Each structure stands twice: as structure tokens, then as C-alpha cells.
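Colleague: So that we are looking at the same thing, I have put the structure below in C-alpha cells.
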Amino acid sequence: MATTRAILQVLENYQKSRIIFVQTVAELATKPQNVEVLHNAGVMTLLRPLLLDCVPNIQQTASLALARLASFSQELAEAIVHENILIQLVYSLKEQNRYNKKAAAGVVRAIAKHSPALAQAVVNAGALQPLILSLEEFDPAVKEMAAGALGHIVRHTARLAQVVVDAGGVSLLLLAIQEPELSLRRTAACTLADIAKHTPELAQGIVDAGSVPFVAPLISHSDAKLRKEVCALLSQIAKHTVDLAEVVVAADVFPKIYLLLRDTDPMVRRNAAMVVREVCKHTPELAQLVVATGGVAALVDNVRETCGNERLPGVMALGYIAAFSETLALTVIASEGLPPLLNAFTTEVEDHIKSASAWSLGQIGRHSPNHAKAVAELEVLPPLVGGFVSKHSSEDLQSKCKKAVKGICDRLTFFPALNSLLQGPPLPEGILKYVLIQIAKVIPHDQEAKTLFVTSGSFGKMQEMAVESSSEIKSLVDSVNSAYPIEIVHYYSPGYSEILLQKLAGGKF
């Protein structure tokens with residue numbers, strides 16, 4: 001009897017030691033400073049056999065520890081793959097124990113998130129089918145973890161997303177969105193959005209599964225995080241083609257989506273603006289739909305009240321709308337869309353937001369003299385020129401600023417704005433030629449502009465530019481000079497006073 005107790009005590013001590021070990025490792029793995037030490041000490045090798053331990057609690061805690069380690073860095077996730085731990089994880093995913101499934105799916109998710117190669121390793125290990133089958137589990141926590149793992153797989157490449165679609169993942173994810181648990185619905189919607197983002201074909205597959213009519217009403221759901229994910233899904237569907245955008249429109253999201261542009265959650269506001277942007281960019285008809293349903297005023301308010309990356313979709317949506325026609329651009333102007341766009345250009349730090357703002361301003365001003373005047377009167381041109389000449393501007397920002405200035409100047413007949421550009425710092429030749437071309441068009445037909453050009457000092461400044469610039473600029477200056485009497489041209493030309501003095505000294509007067 002004593003021998004039996006002694007043997008059982010040994011086994012009990014062994015079990016307790018395993019439990020203490022995995023719990024301690026799981027706790028240590030929550031602190032970044034411990035992770036590298038654990039890895040160097042060979043903790044992966046020690047945890048691996050515990051994934052198949054006879055005690056479920058030990059299995060689950062070992063999985064939790066591995067998930068925390070894998071989540072920390074790509075290097076540690078790769079180490080788990082190299083230790084062939086994925087094989088045990090796939091085995092756990094196939095078990096009946098729901099807690100083991102959840103824990104194993106958590107490790108798979110942590111591994112797959114880092115790179116396409118690691119996501120592919122998860123697929124190659126045979127984890128895909130058990131993950132999809134886990135979406136049919138009764139326990140919503142298992143479904144959520146499986147949906148999250150699938151999301152980390154599909155987000156990397158279209159090929160990985162197609163593998164999940166081919167395995168039947170879309171229909172089960174759509175069923176998961178219909179579950180009562182909010183966290184599961186959010187995760188499933190996020191995964192579907194990550195599938196849809198890659199190609200029109202993948203987005204069409206989600207549409208064909210009947211997702212849009214069911215998902216679209218959820219933009220009015222009380223949960224902000226679900227609204228955010230639903231808007232992301234709709235935008236990823238709408239962005240690819242006109243037909244897909246029309247599917248989203250047919251789901252009656254307009255004008256309800258505009259309410260979300262003023263949502264209390266910044267990510268909801270951003271994703272709602274993305275839906276509007278991805279719809280209106282395709283055709284004049286879709287842009288007109290946004291205008292007709294009150295979208296421009298809502299977008300203008302959104303751009304005015306937001307900042308940073310949250311501002312970007314609204315800025316681009318206004319540019320897309322304005323690009324299609326004079327009438328649509330006038331709608332943006334009438335809705336007071338110019339000041340927020342200029343504010344975005346002048347106050348934002350990120351170059352890609354400034355580039356989008358410059359592009360949108362250019363799309364508004366390029367249509368007609370009235371459009372160009374509205375933009376120029378707001379003193380948009382000097383900041384755009386500054387963005388072009390700044391050494392700190394990215395190549396894309398410089399390109400967008402130059403194109404915007406050209407587009408506006410090509411239509412600009414409001415002479416004070418053209419004149420003011422010559423009053424400021426010296427213009428680079430790439431900008432100067434656009435200004436001089438338009439001045440040469442305006443001055444011959446506008447006596448007031450002709451006089452202002454001389455009295456403001458710009459005429460004399462232009463003569464100095466001709467001396468220092470290329471033959472192209474000199475030719476443009478000559479074109480402007482041809483509108484004036486030769487005496488005025490001579491009078492304002494550099495060195496003319498010296499020529500007069502020489503003639504006086506030579507007795508030629």
C-alpha cells in the first residue's frame with residue numbers, strides 16, 4: 001500500500017511540475033524582455049511534447065505560451081515552424097476538446113500573421129481544413145479563433161485567399177457573421193474583407209455567396225467595432241469594378257452611410273469614407289449618386305473635422321467626384337470643400353495626405369476659368385508651388401503639386417492670382433513656364449491686367465528672369481512683351497539705364 005502511494009505521489013509530482021512549468025512559461029512570455037531568454041534556453045523544444053500531454057490543461061497552457069512567443073516576432077514564429085510544432089498543432093485542431101482547438105488555433109494565428117511564407121507553412125502543414133471545420137463548432141470562442149487564424153492567412157496574398165475560398169471558407173464565415181456573439185461577427189467580417197481586398201474575382205465570390213444584402217444593414221448596428229469591419233468589407237468589395245460598386249449601392253447603404261462620417265469612433269468614420277470613395281471613383285453616374293444623396297456636404301464636414309490618415313479617404317472622395325465634370329466640381333466648391341482641402345494640404349505632416357489634397361485641388365480647378373478662379377482666390381497656388389520646390393517633399397508630392405498647378409494655371413484667367421505668383425520667391429522653370437503661358441494668353445485681351453502687370457513690378461521682374469533663364473522661358477517672355485510697346489519693354493529691361501547714359505555721353509540725344 002505504501003509503495004502504491006509512493007508511486008502515485010511521484011506521478012502527481014510530475015504532473016504538478018508540468019503544470020507549474022507551462023504556467024510559468026506562459027506568464028514569462030507576456031513580458032518582452034523575457035522572450036529572447038526563453039527562446040535561447042530552448043523553451044520551444046520543452047513545450048513541444050506538452051502539446052500532446054494527457055492533461056488537457058497542460059496542452060492548452062503550452063499552446064498559450066507558444067502563441068505568446070510566436071506573436072512576439074517573426075523569428076520566434078519561424079522557430080516554432082522549424083521545430084515541427086505545427087504537426088502537433090494540427091493534431092490538436094482535429095481533437096474533440098474545444099479548449100484544445102481554441103488554444104491550437106491561437107498559435108496558428110500568431111504564426112500566420114507575420115509573413116506570406118509562414119502563412120503558407122501553416123497551410124502546408126494541413127491546418128486549413130481543421131480551421132474551416134472549426135467554424136462549425138458549437139463554441140463561439142473556437143469559431144472566433146479559427147476565423148482570426150484564417151484572417152491572418154488570407155490577408156497576405158491573393159493565392160492564399162483563394163486557397164481558403166476554394167476550401168469553402170466564405171460560406172462558413174458568412175454564417176459566423178450571423179451569430180449573436182459580437183466578437184465573432186467582427187472577426188468574420190474582418191476576414192471576409194481581407195479576402196475581398198485582393199482581386200475582383202475574390203470579391204465577386206463573396207458577393208455571389210449573398211453577403212452584401214445581409215452585411216450592408218449592419219452599418220447601422222449599435223456596436224462600433226462591427227460597424228467598422230462591415231464598412232471595411234463593403235469598401236473592399238466596391239473598389240474593384242463598377243459592377244461590384246453597384247452591388248453595394250443596390251444594398252441601400254446610401255445615404256445611411258453618411259451618418260457614419262460623423263461617428264464617435266474614428267475608425268468607423270474612416271472606413272465609412274472609404275466606402276463612399278470606392279463607390280464614387282468609378283463613373284460619373286456613381287459620383288452623381290453620391291452628390292444627389294447629400295454625400296458632398298457630409299464628405300466636406302468629414303475632411304474638416306478629421307486629421308491624419310482618417311482624413312485621407314474623404315479628401316480623395318472629393319477629388320474623384322470633382323474629376324468627372326464641371327458640374328460635380330462646382331458642387332464641391334459650392335459645398336465649401338476648398339478650405340478643408342487646403343487645410344489638409346498645409347497642415348498635414350504625411351506626404352501621402354498632402355499629395356492627395358494637392359491632387360483633389362487640381363481636379364477641382366482644372367475644368368474652367370471659374371473653377372480655377374475659385375481655387376486661386378483661396379490662395380491655393382503659392383502653397384502648391386512651395387510643395388513642389390521643397391526639398392523635403394517626396395517625389396510623388398512634387399509631381400502632384402506640379403500637375404495641380406499646371407491644371408489650374410491652364411484655365412486661370414483671374415490675373416491677380418497669376419501676378420501674385422511672380423511677386424513671390426523665384427519660380428522654378430517647371431512652374432514658371434505654365435504661368436507665363438497663361439499670362440501671354442490673358443494680357444492681350446485685358447487692359448486692366450496689362451497695366452497691373454507693369455505697375456506691380458512683375459513686368460520688370462519678368463525681364464530679369466529672361467536674362468537668367470533658358471531659351472524656352474526667353475521665348476515666353478518675348479511672347480508677353482509683344483503685347484506692350486517696345487519703349488516699355490526697353491525701359492524695364494535690365495541695363496537699359498546704362499544704355500541711355502552711354503547715348504547721353506556720346507551726344508546721341
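Colleague: Say whether the condition of being surrounded by fewer than 16 Cβ atoms within 10 Å (Cβ to Cβ), farther than 29 Å from Val296 by Cβ and among the acidic types (Asp, Glu) is met by at least one residue in segment 423-436.
Modeller: Yes: segment 423-436 contains one or more residues that are surrounded by fewer than 16 Cβ atoms within 10 Å (Cβ to Cβ), farther than 29 Å from Val296 by Cβ and among the acidic types (Asp, Glu).
Colleague: Counting only residues that are out of contact with any Pro (no Cβ under 7 Å at 6 or more places or on another chain) and assigned to a loop (DSSP other than H, G, I, E, B), which one in segment 292-307 is farthest from Ala334 (Cα to Cα)?
Modeller: This residue is Cys307.
Colleague: Can you name the residue in segment 229-243 that is surrounded by fewer than 23 Cβ atoms within 10 Å (Cβ to Cβ) and either touching a Phe, Trp or Tyr at 6+ places or on another chain (Cβ under 9 Å) or of a type outside the set (Val, Ile, Thr) (or both) and is also farthest from Val276 (Cα to Cα) among such residues? Reasoning before the result, please.
Modeller: Narrowing segment 229-243 to residues surrounded by fewer than 23 Cβ atoms within 10 Å (Cβ to Cβ): 239-243.
So of that shortlist, the ones also either touching a Phe, Trp or Tyr at 6+ places or on another chain (Cβ under 9 Å) or of a type outside the set (Val, Ile, Thr) (or both) come out as 239-240, 243.
Values: Lys239: 10, His240: 13, Asp243: 15 Å.
Among those residues, the one meeting the criterion is Asp243.
Colleague: Which of (1) in a helix (DSSP H, G or I); (2) surrounded by 15 or more Cβ atoms within 10 Å (Cβ to Cβ) does His367 not meet, given it meets every other one?
Modeller: (1)
Colleague: If you don't mind, another one. What are the pairs, 6+ residues apart or on separate chains, where a residue within segment 161-189 that is farther than 19 Å from Leu226 by Cα has its Cβ under 6 Å from a residue that is not in a helix (DSSP H, G or I)?
Modeller: As it stands, the answer is Ala161/His198, since those pairs meet every condition given.
Colleague: What number of residues in segment 452-509 are β-branched (Val, Ile, Thr) and at pLDDT below 80?
Modeller: Of the residues in segment 452-509, 3 are β-branched (Val, Ile, Thr) and at pLDDT below 80.
Colleague: So is Arg98 more than 25 Å from the chain's Cα centre (by Cα), closer than 28 Å to Val22 by Cα and touching a residue at least 24 places away in the same chain (Cβ under 8 Å) or not?
Modeller: yes
Colleague: So, one more: So which residues in segment 36-59 are closer than 16 Å to Val107 by Cα and touching a Lys or Arg at 6+ places or on another chain (Cβ under 8 Å)?
Modeller: Leu50, Ile58
The values are calculated or read from the model by the stated rules, or taken from the named source; none is laboratory data. On a predicted model such as this, the values are computed, not experimentally measured, just so you know. Positions of Cβ are generated from backbone atoms using ideal geometry, with glycine treated the same way; all protein chains shown enter the neighbour counts.
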